[in-house]
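**Q** Input: one structure, supplied below.
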Amino acid sequence: MTAADSSRIAEALRLELRRGTLVLAVLAVLERERNGTQVRKDLGEAGLNIEEGALYPMLRRLEDQGLLASSWRIDQSRKKRFYLATAEGRRIHAILMHDWRHHDDALAKLKGLTSDVDD
């Protein structure tokens, strides 16, 4: 395998991990009502930058899955869509966070068992 192949594979896996992480982050942010701009700002401040072209399709998908609800309102003289996690969205977020913590703990244990592996 070439270095280019390794880089391509690593990047694809990073993107896969990032997508799941962003879903968790969006559900966490939307425990309080936010519009898309506010969601992007909150995520960015936490170090999770996301482009509008990725955020809005995710918001629509999560709404289609029943995890978010949205409504249109006028804010600062502009019509904006506001999003909020539904009860099901908060329930799913709690389940996913439990799983995340479990996996993180398991990885930490494995890392401890294999401390001779480079970071």
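**Q** Consider Thr37 carefully, then state whether it is within 22 Å of Trp100 (Cα to Cα) and surrounded by 12 or more Cβ atoms within 10 Å (Cβ to Cβ). Step through it out loud before you land on a result.
**A** On the way: within 22 Å of Trp100 (Cα to Cα): no; surrounded by 12 or more Cβ atoms within 10 Å (Cβ to Cβ): yes.
In short, no.
**Q** Among the residues of region 54-80, which ones are assigned to a strand (DSSP E or B) and either free of Cβ contacts under 8 Å to residues at least 24 places away in the same chain or in contact with a helix residue (DSSP H, G or I) (Cβ under 7 Å, 6 or more places away or on another chain) (or both)?
**A** Matches in region 54-80: Leu68, Ala69, Ser70, Ser71, Trp72, Arg73, Ile74, Arg78, Lys79.
**Q** If you check Ala28, Ala87, which single one turns out to be small (Gly, Ala, Ser), out of contact with any Asp or Glu (no Cβ under 8 Å at 6 or more places or on another chain) and surrounded by 12 or more Cβ atoms within 10 Å (Cβ to Cβ)?
**A** Residue meeting the stated conditions: Ala28.
**Q** Step by step: first the residues of region 52-74, then only those that are farther than 22 Å from Ala94 by Cα and among the hydrophobic types (A, V, I, L, M, F, W, C), then the one that is surrounded by the most Cβ atoms within 10 Å (Cβ to Cβ). Which residue is that?
**A** Ala54
**Q** Of everything in region 1-49 that's in a loop (DSSP other than H, G, I, E, B) and either within 18 Å of Arg90 (Cβ to Cβ) or polar (S, T, N, Q) (or both), which residue is modelled with the lowest pLDDT?
**A** Thr2
**Q** Another question about this same structure. Determine whether Ala85 is at pLDDT 95 or above and touching a His at 6+ places or on another chain (Cβ under 7 Å).
**A** yes
The values are calculated or read from the model by the stated rules, or taken from the named source; none is laboratory data. Here the structure is a predicted model, which is why all the values come from computation and not from measurement. So basically every Cβ, Gly included, is an ideal-geometry build from the backbone, and we count neighbours across all protein chains shown.
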